[in-house]
Amino acid sequence: ADRTPSVQDLTGRTVLITAGGTREPIDPVRYLANHSSGKQGVAFALAAAARGAEVTVIAAHLDAEPAAALAAAAGDSVRVVSVSTAAELAAAVDERAGAASVVIMAAAVADFTPEVTADRKIKKAGQGERLDLALVRTRDVLGELVAHPVTGRIVVGFAAETADDRDELIALAREKVARKPADLLVANPVGGGRGFGTDANDTIVISASGDVVAEVAGSKREVADAVLDLIAGLLTDGLS
Ligand code: CTP
Ligand code: CA
């Protein structure tokens, strides 16, 4: 159930949220993508707005349902910026991260993009039995944000991992947070029907130092509110 917080504990805070999944064009008709639906990012946006925040969502290819939920909330306190590629998402974050007191990187951002995008449709004739697609690394937006920390700004990362059990999920999340020290890292298992496109999420939240600070299994809205509780606490008490 949606929680209506008794306290508008994010009033006056500017929250920037990336949601959905990027698409990297191969040619005018094809792209590389991922299974992110945008539901978790949109749940964060609605929850943060309900707690009084000024929210901007950088939205990459949301599924119809979260897109409709976000459109219904859009207005003075929820703004939506649509992007497609990882490069566009990075540029949109560049433009707005400076004004944000909280950045929540819920989007699944492509790690690699085609080195060249063909301007004409790639035809199978002329390829033989095999087609090699050269890919190059994209910018790591979260990595850049945490490499240049801003006093008082909270940065939250996500880690969707194919882990067999809780211990492996925690180990993978610790590796990620060691590499990219976000203030909070929200880790969840994916694969085998878990995580993507579902209404529920099963998450472990890790601090920058690798401690498990929360475990939340519930709706994506419940996960969002639990993580926003932690964020509100960090904003009030400062980062330790
Ligand atoms: N992320 C990002 N920019 C990228 C790739 C990822 O900002 N180019 C962010 C995601 O939004 C997420 C976090 O980094 O908040 C972790 O993403 P994930 O794909 O789990 O981790 P990676 O660091 O990309 O490592 P890998 O995919 O190898 O597990
Ligand atoms: Ca990745």
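The sum of -39500 (n - 2.57) across all DSSP H runs of n ≥ 4, divided by the residue count of the chain, sets its helix-only mean residue ellipticity at 222 nm to -9500 deg cm²/dmol.
Peptides 155-161, 103-109, 131-137, 227-233 ranked from most to least packed, by the mean per-residue count of other Cβ atoms within 10 Å: 103-109, 155-161, 227-233, 131-137. Summary of the geometry: segment 1-68 and segment 199-219, compared by the centres of their Cα atoms, lie 18 Å apart.
Highest-first packing order for the peptide set 168-176, 91-99, 32-40, 143-151 is 32-40, 168-176, 91-99, 143-151, based on the mean count of other beta carbon atoms within 10 Å. For PHE196, the residues whose modelled amide H falls within less than 5 Å of its own, excluding neighbours fewer than 5 places apart on the same chain, are GLY191. Shape analysis of the chain yields a ratio of the Cα radius of gyration to the Kirkwood radius, Rg/Rh, of 0.99.
Order the peptides 53-65, 194-206 from the highest to the lowest mean number of other Cβ atoms within 10 Å of their residues.
Those peptides, ordered most packed to least, come out 53-65, 194-206.
Could you compute the FRET efficiency for SER77 and ASP132, with r as their C-beta to C-beta distance and R0 at 41 Å, rounded to 0.05? The calculated FRET efficiency here is 0.30. Spin-label pair GLU215-LYS123: with each label point 7 Å from Cα along the Cα-Cβ axis, the two points sit 5.8 nm from one another.
Here the simple spin-label model places points 7 Å from the Cα toward Cβ, and for VAL150 and ALA33 these points are separated by 3.1 nm. Shape analysis of segment 125-203 places it in the oblate category; the axes a ≥ b ≥ c from the Cα gyration tensor give an a/c of at least 1.5, with a/b not above b/c. Please say if segment 188-236 is rounded, prolate or oblate, where rounded means a/c under 1.5 for a ≥ b ≥ c the square roots of the C-alpha gyration tensor eigenvalues, and otherwise the choice is prolate for a/b larger than b/c and oblate otherwise? Taking the square roots of the gyration eigenvalues as a ≥ b ≥ c, segment 188-236 is oblate. The modelled label-to-label distance for the pair GLU65/SER84, using points 7 Å beyond Cα in the direction of Cβ, is 2.7 nm.
Remind me, relative contact order of segment 26-124 in percent, using alpha carbon pairs under 8 angstrom and six or more residues apart?
Contact order relative to length: 38 percent.
Scalar couplings 3J(HN,Hα) for segment 52-57, obtained by applying the Karplus form with A = 6.51, B = -1.76, C = 1.60 to θ = phi - 60°, are x, 6, 8, 10, 10, 10 Hz; x denotes Gly and Pro.
Extension gain, ALA178 to ARG96, is 27.0 nm, computed as 0.36 nm per intervening residue step minus the present C-alpha separation. Short-range pairs are left out: with C-alpha atoms under 8 Å and at least six residues apart, the relative contact order of the chain is 20 percent.
Laboratory data are not the source of any read-out in this text; all were calculated from the coordinates shown. Predicted, not measured: the structure shown is a model, and the values here were computed from it. All Cβ positions, even for glycine, are placed from backbone atoms using ideal geometry, and neighbour counts span all protein chains on display.
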